[in-house]
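These notes concern the structure reproduced below.
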Amino acid sequence: MMARCFNLFCSGRWLLLWIFILKFAAVSALATTQPTPVEPPLSHILDMHCHVAGIGAGDSGCFVSPRLRHSWRFHIYLRSFGVNERQLLREGDRAVPERISQWLSESRFVNQAVLLALDGVVGPDGELDTNRTEVYVPNEFVANAAATHRNLLFGASINPYRSDALERLVWAKQHGALLVKWIPSIMRIDPSDERLIPFYHKMIELDLPLLTHAGKERSFSSSSDALSDPEKLRLPLDLGVTVIAAHLASTGRYDGQRSSERLAKMMQEYPRLYSDISSLTQLNKLRFMREALSSPEFAGRLIYGSDFPLINTSLVSPWYYAGRLSPRQLYGIARETNPWDADVELKRALGTPARIFEDSRRLLSTKP
């Protein structure tokens, strides 16, 4: 009898069960060293890093290149926005900001978001080059969405190589823009190019900070990552532009140095340099939230952003932190159906202090 029980215990099915039990016990033991959860942050959090897009439906002016539209990324992005292609063709691209607005209205923590336009590549003639642009989200589309929904704010995007770049800056400010968004590696912008000095001076005059991607970019099919080296931001910083280097410059290496280390060094030199914690809980960036919160160089320089819609994909999950969070935290966050509430809860559980959630409003001088 004992031998038969032993054989049953050693069978493949039971062996897998015991492996699972032992693994769960190990995770629970590791959870004793989890970060101490901070007190719940105040409500009315502002997400200062929220993307929007469209396919051009309803005369939105949005654009997605044929290459990206036929890639595996396209339908994942649509699903993460809470829409599908048939819906956009029926209702127009305005369905995307409407869905974002609805999610925000249902969130317990985040009640407003800066919706980001995205300019494209500019050719030698100073005009948009659609042949080299993968995604284009015009300022007019985003400004209209912000004017229509009180919980959406306008984040402009202007390629400074446009022939009318300064006029576009003035227009954006007049229509409520809170910042200017760049992805240099995608828009083919060199932030260290001295030809951009008049553009930087106009940004300072209009009190518009620069939110710019730093580090490698992997959300598009191709990118010129050398343009997103944090060191290239010295020119606007030297001139006095307030710069938010997105994502802690969390991926990539330049001259043998990690991108985030280069950014940390620059924090000591430039009081107008900030970063956001958007995307830092993604599967490919699991170590960077801890680095952001533990490195003294980033103290007082971090603000809250989500990088929506990527928080609404399988790239982000509390289960990736099973060794740091308790089973109760894991299941609680996994049950969250609102993408912003799940994002805030996960970042809180990993030790993000309330001040970081509050500082996005403070930096952008907005009220709930």
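A few comments on the model shown:
- Sole residue being more than 19 Å from the chain's Cα centre (by Cα) and of a type outside the set (Gly, Ala, Ser), chosen from Val121, Val96, Val135, Val110: Val121
- Test: residue in region 183-190 that is modelled with pLDDT of 95 or more and at positive phi: yes
- Total residues in region 283-297, condition outside any loop (DSSP other than H, G, I, E, B) and either of a type outside the set (D, E, K, R) or under 14 Å from the mean Cα position of the chain (by Cα) (or both): 9
- Residue check: Glu269 meets all listed conditions (1) assigned to a loop (DSSP other than H, G, I, E, B); (2) in contact with a Phe, Trp or Tyr (Cβ under 8 Å, 6 or more places away or on another chain); (3) not small (Gly, Ala, Ser) but one, namely (2).
- Every residue from region 170-181 that is surrounded by 22 or more Cβ atoms within 10 Å (Cβ to Cβ) and without any contact (Cβ under 8 Å) to a residue 60 or more places away in the chain: Ala172, Ala177, Val180
- Residue among Ser192, Ser185 that is out of contact with any strand residue (DSSP E or B) (no Cβ under 6 Å at 6 or more places or on another chain), among the hydroxyl-bearing types (Ser, Thr, Tyr) and crowded, with 22+ Cβ neighbours inside 10 Å: Ser185
- Hits in region 268-282 - residues which are of a type outside the set (Val, Ile, Thr), under 19 Å from Leu179 (Cβ atoms) and either within 17 Å of the chain's Cα centre (by Cα) or crowded, with 21+ Cβ neighbours inside 10 Å (or both): Leu273, Tyr274, Ser275, Asp276, Ser278, Ser279
- Summed over region 304-362, residues that are of a type in the set (S, T, N, Q), in a helix (DSSP H, G or I) and more than 22 Å from Arg218 (Cβ to Cβ) total 2.
- First in region 356-368 and touching a residue at least 12 places away in the same chain (Cβ under 8 Å), second anywhere and assigned to a helix (DSSP H, G or I) and among the polar types (S, T, N, Q), Cβ under 9 Å, 6 or more apart: Thr366/Ser360
- Test: residue in region 149-165 that is farther than 26 Å from Ala57 by Cα, touching a strand residue (DSSP E or B) at 6+ places or on another chain (Cβ under 6 Å) and not in a helix (DSSP H, G or I): yes
- Arg90 vs. criteria among the basic types (Lys, Arg) and either buried (at least 18 other Cβ atoms within 10 Å of the Cβ) or at pLDDT 95 or above (or both): yes
The values are calculated or read from the model by the stated rules, or taken from the named source; none is laboratory data. Since the model is a prediction, treat every value here as computed from it, not as a measurement. When we count neighbours, we look across all protein chains shown, and the Cβ atoms used for this are built from the backbone with ideal geometry, even at glycine.
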